[in-house]
Amino acid sequence: SLIEEAIAKRAHVRPVVSPVVWPAGRTQAYDVMVVGAGFAGAVMAERLAVAGKRVLVVDRRPHIAGNAFDRRDDAGVLIHQYGPHIFHTNSAEVFDYLSQFTEWRRYEHRVLAEVDGKLVPMPINRNTLNLLYGLDLETEEEAAAFLASRAEPVEVVRTSADVVISAVGRELYETFFQGYTRKQWGMDPSELDKSVTSRVPTRTNTDDRYFTDKFQAMPAEGYTRMFERMLDHPNIDLLLGVDFCEAREAYPHQHLVFTGPIDEYFGYCYGKLPYRSLQFRHETVDAEQHLAVAVVNYPSEDVPYTRVTEYKHLTGQVCDRTSITYEYPSAEGDPYYPIPRPENQALFKRYEALALAQPDVSFVGRLATYRYYNMDQVVGQALATYRRLAARWAEQEDE
Ligand code: FAD
Ligand code: UDP
């Protein structure tokens, strides 16, 4: 059969959760093929499987969990292969949904930025200002007045430069945002949508948490374990190390869920959508603790990496050694970040029009919908996509 041929051709075709069994005489083995085993793909697969659909999940990487994949390294430390992933959301629906598959460890993320050899809280808060300028701002009003005296009004706040300069002025912008952004994105903040730097607020109080969401926690046994539980369903088969282009014909399916890059799906027919990549340097340090907090940001362009992460702060793991990751931004490599700017959005819209004309394919996730989404937003998007799909199928059955 086609399957046996496909399996014989490639040793890396590896059914993981349950073996791929295709009962004899069955012509339509899978109701749905899901491309990608990250948040978008796993949520779709889980929902569809619970609803009784036969689902095949295909990922070209040799593991599940997409960019949220974590694993124990040689020192036994739980690290995030693709950089630090901190879960936070204001959505009770998303939090409750994921809570079916994991216990949680309470964790509130804190970040320091290295500026002229000093470590100061980031996002900028009242203590950051006091430490940086040797001030003694005591109240929110004083901090707000200080920032207002430096802020430069911008008529229309359009770019990632405008949004910071209009809030804190040029000096703080250059200190904390300009260099970091140039490194991270390979372009000046003035060339990026305001949505990018708007992710990081400025505070006049002394709250030094990176996020203020209602739910902030880490999956107690890690992300990969959570994904194993999501995908562990008798209706779900899993093929890892297999690209969609190899699986597409070999495994017939009625519906497709695609969570890879949308331009790739359409053969780059309108040209490549820009994505930004990173190179990760993972290291183990022979000490119990290396950093004061989980993440230190390096806004200076004199340093080639953007940030360093020490995972033990996130996971609470206790062990003799500790592992850290440096992030080096790059143009080449896996597509990690869609790049929010008007011309890219216009190109995405052309691909989206093609996608909308294909009712038998659902495009979900950060790469397929070209949105700079956090994990919780991808989960929310997938749950909504599933609901729409199920409603459409129910309608078609009624007809
Ligand atoms: P992905 O996780 O990218 O999954 C897509 C999967 O599809 C991949 O595994 C890929 O191999 C597979 N695939 C693609 N094309 C094909 C193909 N043709 N054939 C087979 N398989 C294919 N979010 C947070 O909420 N908090 C954070 O702290 C956070 N930190 C982040 C740090 C970094 C460095 C990065 C890059 C992202 C971070 N995110 C964070 C965002 C988070 O990673 C994403 O929101 C989430 O992982 C997106 O899930 P997804 O399923 O859409 O995509
Ligand atoms: N940013 C910055 N300096 C910082 C932190 C963030 O300039 O110290 C900007 C930068 O452009 C970054 C964006 O804000 O890409 C969003 O930051 P976030 O920490 O949310 O990035 P992510 O975790 O998604 O990589």
Next on the checklist: Can you find a residue that is assigned to a strand (DSSP E or B), more than 24 Å from the chain's Cα centre (by Cα) and away from ligand 1 (no atom under 16 Å from the Cβ) anywhere in the range 244-258?
Outcome noted: yes
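Given the condition in contact with a Leu (Cβ under 8 Å, 6 or more places away or on another chain) and modelled with pLDDT of 95 or more, answer yes or no: does some residue in the range 320-327 qualify?
Looking for residues that are in contact with a Leu (Cβ under 8 Å, 6 or more places away or on another chain) and modelled with pLDDT of 95 or more, one finds at least one in the range 320-327, hence yes.
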Checklist entry - Among the residues of the range 223-241, is any more than 24 Å from residue 389 (Cα to Cα), touching a Ser or Thr at 6+ places or on another chain (Cβ under 9 Å) and away from ligand 2 (no atom under 16 Å from the Cβ)? => result yes
Checklist entry - Checking residue 272 against (1) farther than 28 Å from residue 102 by Cβ; (2) in contact (Cβ under 8 Å) with a residue 12 or more places away in the chain, which single condition isn't satisfied? => result (2)
Next on the checklist: Going through 311, 370, 336 one at a time, which residue ends up being on the phi > 0 side of the Ramachandran plot and within 15 Å of ligand 1 (Cβ to nearest atom)?
Outcome noted: 370
Checklist entry - Residues of the range 114-144 being at positive phi and assigned by TED's automatic domain parsing to the domain that holds residue 174, which ones? => result 134
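I'd like the full set of residues that are out of contact with any strand residue (DSSP E or B) (no Cβ under 7 Å at 6 or more places or on another chain), in contact (Cβ under 8 Å) with a residue 60 or more places away in the chain and assigned to a helix (DSSP H, G or I), limited to the range 116-140.
Scanning the range 116-140 gives 126, 140.
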Item to check | Index of the failed condition, residue 165 passing every other in (1) within 16 Å of ligand 2 (Cβ to nearest atom); (2) touching a Leu at 6+ places or on another chain (Cβ under 7 Å); (3) outside any loop (DSSP other than H, G, I, E, B) | outcome: (2)
Checklist outcome for this item: Per the list (1) closer than 21 Å to residue 107 by Cβ; (2) more than 19 Å from the chain's Cα centre (by Cα), residue check on residue 299 breaks on (1)
Checklist entry - Among 93, 103, 46, which is closer than 21 Å to residue 364 by Cα and outside the structural domain of residue 376 (by TED's automatic domain parsing)? => result 93
Checklist entry - In the range 184-209, which residues are surrounded by 15 or more Cβ atoms within 10 Å (Cβ to Cβ), more than 9 Å from ligand 2 (Cβ to nearest atom) and assigned to a helix (DSSP H, G or I)? => result 191, 194
Item to check | Complete set of residues in the range 141-162 that are among the hydrophobic types (A, V, I, L, M, F, W, C) and either touching a Leu at 6+ places or on another chain (Cβ under 8 Å) or in contact (Cβ under 8 Å) with a residue 24 or more places away in the chain (or both) | outcome: 143, 144, 146, 147, 157, 161
Checklist entry - Do we find that residue 208 is in the same structural domain as residue 46 (by TED's automatic domain parsing), touching a residue at least 12 places away in the same chain (Cβ under 8 Å), touching a Lys or Arg at 6+ places or on another chain (Cβ under 6 Å) and of a type outside the set (S, T, N, Q) in this structure? => result no
Item to check | For residue 84: the one exception among (1) out of contact with any helix residue (DSSP H, G or I) (no Cβ under 6 Å at 6 or more places or on another chain); (2) outside the structural domain of residue 312 (by TED's automatic domain parsing); (3) not hydroxyl-bearing (Ser, Thr, Tyr) | outcome: (2)
Item to check | Which listed residue is surrounded by fewer than 20 Cβ atoms within 10 Å (Cβ to Cβ) and under 25 Å from residue 355 (Cα atoms), from 270, 265 | outcome: 270
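The values are calculated or read from the model by the stated rules, or taken from the named source; none is laboratory data. It should be emphasised that the depicted structure is a prediction, and the values quoted were computed from it without experimental measurement. Reconstructed Cβ throughout: ideal geometry from the backbone, glycine too, with neighbour counts over all protein chains shown.
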